[in-house]
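The values are calculated or read from the model by the stated rules, or taken from the named source; none is laboratory data. All of these numbers come straight from a predicted model, not from anything done at the bench. Cβ sites come from the backbone with ideal geometry, for glycine too, and all protein chains shown count toward neighbours.
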Amino acid sequence: MNRFSMEVRRMRLAATAVVALALVGASMPAQAQDNTGARLNKVESEVRALQRKVFPGGDGKFFEPEIKPATPTPTPAPGQPASTPISDMLLRIDAVEGQLRQLTSQVEQNTNRINQLEARLAASAPAAAMPGAMAPEQGQQPGSFSPSPGKAQTPGATPAPTATPVAATPARPAGPSNSRIEAVRAIVKPQTADAADDEYSYGYRLWEAKFYPEAQQQLKLYLEKYPKHARSSWGRNLLGRAYLDDGNPLEAAKWFVQNYQTDKRGDRAPDSLLYLAVSMKQLKDNKRACIALAEFSETYASEAAGRLKGTYDSTRSGLGCA
């Protein structure tokens, strides 16, 4: 096996391993168990092991060493509240997802290198190794090939062309149907003097019509353009709801935590804390669901007994919270 072939094989194995781990990480919400900490420890160790496999050399370019000098724990500034279980809940998940994104980016680079290596191999390979080519028969001049094995070519005749294999075109992922596109276009975007509010309202209308992916895209656009708008608390919470209603409680939980931490006095901070508990319950992480519910009932007692009482009671049911 020549040098290029060995390189291709090694890179293909590395790329396959990265993709397999990404799929395992993506499937975690459906397989989540009560002991979330143990699951995260396992995934983090596998990511580190994979990084050492894919990026050998230990130069620290793509991953940190297993053992490194201890870093002193920073002391909170006077008046700064200590981190709570809610604020620490998804930090490790975010770190793992960041590592997976970095590995995915490297896989794409490796794939490009593989394609280039294969092209060079194909260009430098001898004619006898190419599909459709055959060794010259006895009595033929070099470079003259019989159109089929066992049949001598008539002297002076032009060799019949051999069939060239046609590479199959990979199937493209199906896009939205025409009926869905027309239905989304039917959702009218408001046109008022408040352009920022129009962006939020359009996202709300898409969510209300159950066009959840479109609502996610629109609400992210709104938050990027107007992060300090009066409805930003509503926008972050609604973005979490769009993911939750779309069957993605892990991504929803990240937006609920962000909204609650950004402004605990925001208009929809109570909703986000409560729906964080809903997300944790769907992930079968009852312990953290109970933590979120306890903080919700303590921080927003009036909401727990009033506007959000129905959702609070239904979420608490079956969790066995103390």
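Structural remarks
Listed here are the residues, each with its yes/no results for (1) modelled with pLDDT of 95 or more; (2) more than 30 Å from the chain's Cα centre (by Cα); (3) not polar (S, T, N, Q).
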{"residue": "162", "(1), (2), (3)": "no, yes, no"}
{"residue": "171", "(1), (2), (3)": "no, no, yes"}
{"residue": "176", "(1), (2), (3)": "no, no, yes"}
{"residue": "179", "(1), (2), (3)": "no, no, no"}
{"residue": "185", "(1), (2), (3)": "no, no, yes"}
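- None of 243, 200, 226 is surrounded by 21 or more Cβ atoms within 10 Å (Cβ to Cβ), in the same structural domain as residue 268 (by TED's automatic domain parsing) and more than 23 Å from the chain's Cα centre (by Cα) except 200.
- Residue under evaluation residue 201, criteria (1) modelled with pLDDT of 90 or more; (2) not in a helix (DSSP H, G or I), criterion not met: (2)
This table checks each residue for (1) more than 21 Å from the chain's Cα centre (by Cα); (2) of a type in the set (Lys, Arg); (3) within 30 Å of residue 181 (Cβ to Cβ).
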position: 214; (1), (2), (3): no, no, yes
position: 257; (1), (2), (3): no, no, no
position: 283; (1), (2), (3): no, no, no
position: 290; (1), (2), (3): yes, no, no
position: 310; (1), (2), (3): yes, no, no
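- The residue list 272, 279, 302 contains one member that is part of a helix (DSSP H, G or I), surrounded by fewer than 19 Cβ atoms within 10 Å (Cβ to Cβ) and of a type in the set (Gly, Ala, Ser), which is 302.
- Contact map, the stretch 283-300: residues that are of a type in the set (Phe, Trp, Tyr) paired with residues that are buried (at least 19 other Cβ atoms within 10 Å of the Cβ), Cβ distance under 6 Å, separation 6+ or inter-chain. Pairs shown: 296/273; 296/274; 300/270.
- Subset tally (residues that are more than 20 Å from residue 307 (Cβ to Cβ) and either of a type outside the set (Lys, Arg) or in contact with a helix residue (DSSP H, G or I) (Cβ under 6 Å, 6 or more places away or on another chain) (or both)) for the stretch 253-280: 7
- Taking the stretch 210-263 as the range and being under 15 Å from residue 274 (Cβ atoms) and basic (Lys, Arg) as the test, the residues that pass are 236, 241.
- Filtered residue count, the stretch 249-260, keeping only those that are surrounded by fewer than 24 Cβ atoms within 10 Å (Cβ to Cβ) and either over 17 Å from residue 288 (Cα atoms) or touching a Phe, Trp or Tyr at 6+ places or on another chain (Cβ under 7 Å) (or both): 1
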